[in-house]
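Engineer: Take a look at this one; I'll ask things after.
Just so you know, all these numbers are worked out from the coordinates, no wet-lab data involved. Since this is a predicted model, take the numbers as computed values, not measurements. All Cβ positions, even for glycine, are placed from backbone atoms using ideal geometry, and neighbour counts span all protein chains on display.
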Amino acid sequence: MNYFDHIREYLDKKDSLICVPVRDKAPMLSDWNNLKPTQEDVDKWEENLSGQCNGIGLLAGQHNIGYADYDTDDGELIHRIDEFLDISQICTKRGKKGKTVFFRYDKTPNKSKYTCKLYKTDKKPILEVNLTVGQTVLPPSIHPETRLPYKWISQSLLDIDIEDLPILDIDKLEYLQDIIDSKTTTEAFKNIPTGITGEGSGKWLTMTSECSRLLHHGHNETEIARTLVGMDRRLFPGNQFFLSNKIGKALVGDDYENAAVLILFH
C-alpha cells in the first residue's frame, strides 16, 4: 500500500486537502499541524518514510471542515447524539468502533475542539469534535489495535465535493455533554434552549442524499433499497430506518423494490 499516493490524491482535489503521513495514528513529521506541502514535499516524505508509514491523517479546519469522532458502539447513545447534531452523514468512516462524521461549519467557533466523557473518571472521551486543531486518520490507514484498515461507510472524502458536506450548527456543541449525561433525548432537550435541538432530520437527509447519488449513477430501485438498508445499519445502530409501517413491512418482507419506491417518495 502506497499511502503517499493517497496524500497526492487529496492534494490534487479541486479543493485541495492536506494530509500527513502517520504511523499507528500518530503524525510522523514535526510541526505537522502547520504544514502546507507541495507534491515535491510529498516525494521527499516518501523517500524518507517509505516502509514506516501505515496511514494518512487529515488536518482539521481546512475549508472549515470538522469531524465528530464517536468512540462507542452503544447504539442508543449514538442515536441520541445523531438526533441532536441533526446533520446528514454522507461522509463517514469507521475504525475499531463507533464512527467519524465529517461536516463543515460556517462561523468562527468558540473552541478549537470539544470533548465529552461518559463518566467524569474516564481517561478517554467518548465523543470528540475537532474544528480547527488535530488530525484524523483516513481510510485505508491501518488501525494500531485491529491491524485492519479503516473503512468508509458512506461516501469517501476523496470523492465528495467539499461544498456538499453538511453544515453543523456549532452552537450545539456547547450542549453535547448534556446529551451524553441524559438517559433519553427527551430528557436532554428539556435543558437545552429552544432552537438548538434541531428537527431530527439528519438521518432523513443522509438517506435522501445517498438515494439521489445512486439515482444519478443509474442504479435501479432494488439496488438503491438494499444500499440504503445496509447503510442504515452501519451508520445508525439502534435507530433503524422504518420511516412508516409500509416501509417497515416491505423491508421485513425483503420487498426491496416496493420499499425503495416508498423511501423515494415518502
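Engineer: Give LYS107/LYS172; LYS120/LYS183; LYS93/LYS120 a once-over and call out the pairs whose C-alpha atoms are over 18 Å from each other.
Structural biologist: Exceeds cut-off: LYS93/LYS120.
Engineer: Something else: What shape does segment 9-144 have by the C-alpha gyration tensor, where a ≥ b ≥ c are the square roots of the eigenvalues, rounded means a/c under 1.5, and otherwise prolate means a/b greater than b/c and oblate the rest? Write out the running numbers ahead of the final one.
Structural biologist: On the way: a/c = 2.00, a/b = 1.57, b/c = 1.27.
Since a/c reaches 1.5 and a/b is larger than b/c, the shape of segment 9-144 is classed as prolate.
Engineer: Give, in nm to one decimal, the length gained when the segment between MET1 and ASN220 is fully stretched (0.36 nm per residue of separation minus the Cα-Cα distance).
Structural biologist: 75.5 nm
Engineer: Still on this structure: Ordered by packing density, taken as the mean number of other Cβ atoms within 10 Å over each peptide's residues, highest first, how do 128-135, 170-177, 83-90, 108-115 rank?
Structural biologist: 83-90, 128-135, 170-177, 108-115
Engineer: Another question, if that's okay. Students often forget the sequence filter, so: which aspartates and glutamates lie under 20 Å Cα-Cα from LYS123 once same-chain residues fewer than 8 apart are removed?
Structural biologist: ASP24, ASP69, ASP71, ASP73, ASP74, GLU145, ASP178, ASP181
Engineer: Could you give the dipole magnitude of segment 20-173 about its Cα centre, charging the beta-carbon of Lys and Arg +1 and that of Asp and Glu -1, in debye to the nearest 20?
Structural biologist: Dipole about the Cα centre, nearest 20: 620 debye.
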